[in-house]
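The structure appears right after this line, and notes come after that.
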Amino acid sequence: MSKSVILCGVGGQGTVLASKLISYAAMAKGEAVRSAETIGMAQRGGSVTSHIRIGEGAFSPLIPKGKADVMIAFEPAEAVRNLDYLKEDGVVVVSKKAVKPVTASLAAKVYEGQDMLDYLEKKVQRLVIVDGQQIMDELGSSKVLNVILLGAAIACNEIDISVEEIRQAIKEKVPERFYELNLRALDAGCQLAIK
Amino acid sequence: MVEKSIHIRFKSKRILLHSVVEFIYGVVIQNAEWYTEIVCDFAFCVYGIEQESIYLVIHRIEIKVSKMHKEFLMGNEAIALGAMAAGVNVVSGYPGTPSTEVLEAIAKRNDGSTYVEWSVNEKAGLEVAAAAAYSGARSIVTMKQVGLNVASDPLMSLAYVGVKGGMVVMVADDPGPISSQTEQDTRTFGQFAKLPVFDPSSAAEAYEMIQTAFEVSEKHHTPVIFRSTTRVCHAYASLEVKDKEEYYNNEIEGFEKDSSRWVIFPRLSFRRHGEIEETLPQIADELGALAYNKMEGSKAATVGIACGGISYAYVKEALAILNEELGWNFLGEETAGRYSVCRLLKVGTPHPFPEEQALSFMDGLEQILVVEELDPYIERMLLQTAGKHQRAIAIHGKMDGSVKTAGENTVESVKTNICELLHLQSVCDKDRVESGSQVESNVLSKENATMPELPVRPPVLCAGCPHRASFYAVKRAMAGRKAVFCGDIGCYTLGNAMPLDMVDTCLCMGAGITMAQGFGVVEKDTTCFAFVGDSTFFASGMTGVVNAVYNQHDMVLVVLDNSTTAMTGHQPHPGTGKTMMGDIVNKVSIVKILEAMGLTEVRMVNPLDLEDAIAAVKEVADKPGVKAIIFKSPCIAVSKPESQCSVNTDTCINCKKCIRELGCPAITVEDGKVVIEPSLCFGCGICKSVCPVHAIEGGRSHE
């Protein structure tokens, strides 16, 4: 049985690390893994996506539209932008905080994340909205949104990977000095989704 | 060594010896995924004629199995490890998305036995690799597709001269394009240059194929092109790769002087041209028979799909989805109707084209759909093959409008192409997705809701990027004056975006410097600026400056020196004093180069000292001749942040001048008030210089 996970956000938010952790954890279980990342110019604050496909039966590294089991969105508008990748009863884990692009600030056009979240509420059957800012304030780091969202996504039990398996991936792939911080971020994310 | 004993019984007495051997190898290959050598002793035992049977008894079989391990690798890393497994001795290249990680991955795993360099540009890289291959070394040079244009001069001649050691020219194409100037197709380039071309469809195939590429190059004494595309280069997969002790060890014989071979003269070119044309059909037969070219599906099919590269993955997935939706088996034998089965041809070695394989693919087909990205290369070759062999067959693709001519393919676009060909419109219409436009998702139908307007999110200069300050300084200095701003290739191309709006042209690496001169010739009343990055200056900027000095042009050269090659992921270059072999060397000084070229006005300013920067631009712009300003401040990725800036809400008058003038992604408006996002601010302090009421605190202090 194959699983497809799409991560989306803004260049610089750390989508690539979250994608790598899922891939490594799945590979450690002996699963075949394919993934694709946005690399290049879009990394400079543009819209970015990572596609992960776990298990046999997938050919393309990119997920076809309507076939993603889980979406991990680092930004509300990016969730909406990529929503057509999600399958009918797919899970969306989305960060509450909007990242306002320069174009929106310049145009004086109001972009508020809430409009996007309202839309997601109407369209998505299984939606988890994550207030990562609160957790990051508690942890005293502004760089762990990716692992918080990952924790919330894992807790939804839709990707066949356990929290313990992600912990192991973090241990192996994240520099030791950030290990404890990332574990706390992961657990906080899990707790949030269970609630 | 693994010993195995296999007893095989054949039912026919009329068996040719070679087919028996092929059969054994088939059994062995199925049983052992990786082998390097097979030794087999066997004997035939012929039983009575009436029994009509032969026993083949294998006395001894030894299979040497390569030791392998599993890694999660990017396509480019797989190419790198494949090259290392093939015993590559010399590696050169110039950074360019999506090719960069090949050279980086080799450098990262290098134990010092392989020579690795970032060359000053692709032409230099190709020439370094060529001489290494003349000497019997195995070499690879890496670049993106537009880099091949720079390297094309030596490559076209090298194709005639040839090599001794295996030489691979690794070129990454960029359908979309996602991070490039053009959608050129290196398969077509390979055909033009008369060089064998390999085109992998996945990271796993790329790992195998690059090893074959070295062997083919060495065998035929010709450089070969290994062309990959973004979705193969940047896709990750879990792969089995060889352990280090299994790597091929290429002993370098050394350069043998022979002017009849290594010195290109018209007479040699004439002779070699003839020889190349004779050899290419042989190479076509040889490469055509490799498993990289393969046919799948039914003999009974009347419809065929031909594809190559990543499009093969899209076709397979689209057919799998259609099988699921329709309950058919497209690549099976069972027919559920005229169009329920098809035949698939995957082309892995597009040049010289595997004509034999294409002909057997065409047998019995009435129509063919060609699915590929960039040029209609396979389509043209199939049309040529059909014409040459008088096959009456309808070939659909980009050339008859069946497939879109520009941009990437996707599983959805391929599915639509197949449905249209097979008249399955009902399936397609159900979930047609117009690529590139924002359409309401019709899979999710929990409630009807109108999609809110999405914010446009183009890439921008990072918060704290020194280029923002440089552009802003020139903009302020030139306010109200007629000026043209020639841009170039790098992060600083993003200076074209509002509100900076400081890039009027961008053509190719180094072009801005010479284009500023052309504008100056015809627009006498205009101050002509050229912006160039440090790495681009070394790659292709210097000749342009000499041209300006020699031909007495009037221009302002602005070198944006951020001490790295930022856009492609922060590679070192001649000005950084670091090499890919880990050596610390003398930095090549841009100031000294410019002075030596004859420039008398060369200023070095930190653009973050905004007032000084503006003053410097004003001063030099009024002087005659060729002037240069070097804006020196490191990229945020290679420097430490200053203390962050914040807005004093008591003092801030909400004029938003900081936002309107700078377009920094860290400055936004929350609940009607200007705020600086702490997770993004790098403390460059430019906003402090802009604020009319000094409401911004913190950040870098003026030195």
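Observations on the model:
- Yes/no for residue B:315 being buried (at least 18 other Cβ atoms within 10 Å of the Cβ), touching a Gly at 6+ places or on another chain (Cβ under 8 Å) and closer than 22 Å to residue B:423 by Cα: no
- Boolean, residue B:395 is assigned to a strand (DSSP E or B) and more than 14 Å from every other protein chain (Cβ to nearest Cβ): yes
- Scan of region A:59-77 for residues that are more than 18 Å from the chain's Cα centre (by Cα) and open to solvent by less than 10 Å² (accessible area, probe 1.4 Å), ordered by number: A:60
- Within region B:320-363, the residues that satisfy the criterion of being at pLDDT 95 or above and in a helix (DSSP H, G or I) are B:355, B:356, B:357, B:358, B:359, B:360, B:361, B:362.
- Among the residues of region B:591-617, those identified as within 22 Å of residue B:684 (Cβ to Cβ) and not acidic (Asp, Glu) are B:603, B:604, B:605, B:606, B:607, B:608, B:610, B:613, B:614, B:615, B:616, B:617.
- On the stretch given as region A:46-65, residues that are part of a loop (DSSP other than H, G, I, E, B) and either more than 8 Å from chain B (Cβ to nearest Cβ) or touching a helix residue (DSSP H, G or I) at 6+ places or on another chain (Cβ under 9 Å) (or both) total 11.
- Scanning region B:178-203 for residues being at pLDDT 95 or above and within 13 Å of chain A (Cβ to nearest Cβ) gives a total of 4.
- Residue A:119 meets all of the listed conditions (1) more than 7 Å from every other protein chain (Cβ to nearest Cβ); (2) more than 13 Å from the chain's Cα centre (by Cα); (3) at pLDDT 95 or above but one, namely (1).
- When residues of region A:66-99 are limited to those that are in a loop (DSSP other than H, G, I, E, B) and either more than 15 Å from residue A:129 (Cβ to Cβ) or in contact with a Pro (Cβ under 6 Å, 6 or more places away or on another chain) (or both), the one nearest to the other protein chains (Cβ to nearest Cβ): A:66
- All told, residue B:135 falls short of being in contact with a helix residue (DSSP H, G or I) (Cβ under 8 Å, 6 or more places away or on another chain), of a type in the set (S, T, N, Q) and modelled with pLDDT of 95 or more.
- Tallying residues that are open to solvent by 30 Å² or more (accessible area, probe 1.4 Å), assigned to a loop (DSSP other than H, G, I, E, B), without any contact (Cβ under 8 Å) to a residue 60 or more places away in the chain and not polar (S, T, N, Q) within region B:544-585 yields 3.
- Scan of region B:216-242 for residues that are surrounded by 24 or more Cβ atoms within 10 Å (Cβ to Cβ), in a helix (DSSP H, G or I) and more than 9 Å from every other protein chain (Cβ to nearest Cβ), ordered by number: B:217
- Residue tally, condition in a helix (DSSP H, G or I) and within 9 Å of chain B (Cβ to nearest Cβ), over region A:122-134: 2
- Among the residues here, residue B:278 qualifies as on the phi < 0 side of the Ramachandran plot and either small (Gly, Ala, Ser) or without any contact (Cβ under 8 Å) to a residue 12 or more places away in the chain (or both).
- Listed by position, the helices (runs of 4 or more DSSP H) inside region B:599-694 whose residues that are without any contact (Cβ under 8 Å) to a residue 24 or more places away in the chain and open to solvent by 40 Å² or more (accessible area, probe 1.4 Å) number at least 2 are B:610-621.
- Residues that are in the same structural domain as residue B:109 (by TED's automatic domain parsing) and more than 29 Å from the chain's Cα centre (by Cα) do occur in region B:243-250, at least one of them.
- Some residue of region B:105-121 being surrounded by 19 or more Cβ atoms within 10 Å (Cβ to Cβ) and touching an Asp or Glu at 6+ places or on another chain (Cβ under 6 Å): yes
The values are calculated or read from the model by the stated rules, or taken from the named source; none is laboratory data. These numbers were taken from a predicted model, which means no experiment stands behind them. Quick reminder, even Gly has a Cβ in these numbers, built from the backbone with ideal geometry, and neighbours come from all protein chains shown. SASA here: full protein model, heavy atoms, side chains in, ligands and nucleic acids out. Shrake-Rupley method; radii C 1.70, N 1.55, O 1.52, S 1.80 Å.
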